[in-house]
Amino acid sequence: MTARSATGSSVPMLPKIAIVVFLLAIVVALFTGMYYMLKDPSDKRRTVRALTWRVGLQLALIAFLVLAYALGWIQPHGLTQR
């Protein structure tokens, strides 16, 4: 799955979709942990498990970003260039 950028080059969309999925999963894990912390006082392990998933997903996202940059799948967009 590719899309054409403004410069006409082919940009792979799969890594970008994977990044969005990672971010959504991190947000879901964060809110799940918050829900368990506020509404389920009987079993605190569920809160810890949800927040552990969030941390694991964040580490996986960072590793994926480093790998994608190293393989050339993603590139900085040059916001700071003038």
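The numbers here are math on the coordinates, done by the rules we state, and not lab data. What you are looking at is a predicted structure, and each value in this text was computed from that prediction instead of being measured. Positions of Cβ are generated from backbone atoms using ideal geometry, with glycine treated the same way; all protein chains shown enter the neighbour counts.
When restricted to Cα atoms, segment 11-71 yields an Rg and a Dmax of 14.3, 49 Å, respectively. Working from label points 7 Å from Cα in the Cα-to-Cβ sense, the Y35 to M13 distance is 3.0 nm. Given their separation in residues at 0.36 nm each and the Cα-Cα distance between them, R45 and A70 gain 5.3 nm when the chain is fully extended. Toward the positive end of the charge dipole of segment 11-71, with +1 on the Cβ of Lys and Arg and -1 on the Cβ of Asp and Glu, the farthest Cα among L57, L14, Y35 is that of Y35.
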